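Scroll down for the structure; my scribbles are underneath it.
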Amino acid sequence: MIYQYKYPHPAMTADCVVFGFDGKQLHVLLIERGLEPYKGSWALPGGFMKIDETVEQCALRELKEETGVEDIYLEQFHVFSAVGRDPRERVVTVAFLALVRKSDFRLIAGDDAAGASWFELGKLPPLAFDHHDIIDMARKRLPELMRTKPIGFKLLDEKFSMNELQRLYEAVNGTTYDRRNFARKMSSTGLLRDEGVSPVAAHNRFPNLYSFDEKAYKAESEGHFAPENPFNV
């Protein structure tokens, strides 16, 4: 299909802020740019939307082409449209937030990415374009999402300890919790499945492993949650 435009129009891109968790700190997935502008600089995975795809399809395609990461949770969280944000032309980008288990993926740089790597959120290198601003907004958005949806479990292994779950919430919310109160709150949700005692949990006050009970969550959702989400700690 050939498109003709009567008025000037901007280019559209998609950028992905992909968070991972190593048990202590949040990390962000970045790619090393292989082309100008900002060749050799680190940036978010992303690129230009094709004329025959949606912006969501663009985000998933670019993420797979540049890092090898695919089939993950993505949520659109903001549009960045500042004039001059891209030196090539007038570009508007739609930003997506993604959560993955780092252990699930072997990063493979491809397309116009010279490299792909995880960086600790508090130790990011200088970034291309306005990608620091995009990451900052995604970082602020993440706690809001985790208060309304149980998406944090996408950052953990299928089976996890209560301590690991607490460290995740502390990393995301930038605070500390009393261990007994946190365990009591999470256990009371009815959405954690007890997987038995961990074989490496000797002398641990909370030795059991858990998994997220998605069936119970869907059943609760269909019956509607109470006004306060159970994962709002």
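The values are calculated or read from the model by the stated rules, or taken from the named source; none is laboratory data. Being a predicted model, the structure only gives us computed values, none of them experimental. Glycine gets a Cβ as well: all are built from the backbone with ideal geometry, and neighbour counts include every protein chain shown. When the accessible area is computed, the model is the full protein with side chains, heavy atoms only, and any ligands, DNA or RNA have been set aside. Shrake-Rupley method; radii C 1.70, N 1.55, O 1.52, S 1.80 Å.
Every listed requirement among (1) in contact with a strand residue (DSSP E or B) (Cβ under 6 Å, 6 or more places away or on another chain); (2) closer than 27 Å to ASN173 by Cα is met by ARG33 save one, (2).
Condition (residue is under 26 Å from PRO143 (Cα atoms), of a type in the set (S, T, N, Q) and in a loop (DSSP other than H, G, I, E, B)) applied to the range 71-86: is it met by at least one residue? Within the range 71-86 (the criterion being under 26 Å from PRO143 (Cα atoms), of a type in the set (S, T, N, Q) and in a loop (DSSP other than H, G, I, E, B)), the answer is yes, since at least one residue qualifies. Within the range 130-147, the set of residues being touching a residue at least 60 places away in the same chain (Cβ under 8 Å) and open to solvent by 80 Å² or more (accessible area, probe 1.4 Å) comprises ARG147 only.
Would you confirm, using the coordinates I've provided, whether ARG205 is modelled with pLDDT of 90 or more and surrounded by fewer than 14 Cβ atoms within 10 Å (Cβ to Cβ)? It is false that ARG205 is modelled with pLDDT of 90 or more and surrounded by fewer than 14 Cβ atoms within 10 Å (Cβ to Cβ). Summed over the range 161-192, residues that are surrounded by fewer than 17 Cβ atoms within 10 Å (Cβ to Cβ), over 18 Å from the mean Cα position of the chain (by Cα), assigned to a helix (DSSP H, G or I) and not basic (Lys, Arg) total 2.
Flag set for VAL17, criterion: open to solvent by less than 40 Å² (accessible area, probe 1.4 Å), in contact (Cβ under 8 Å) with a residue 24 or more places away in the chain and within 23 Å of PRO125 (Cα to Cα).
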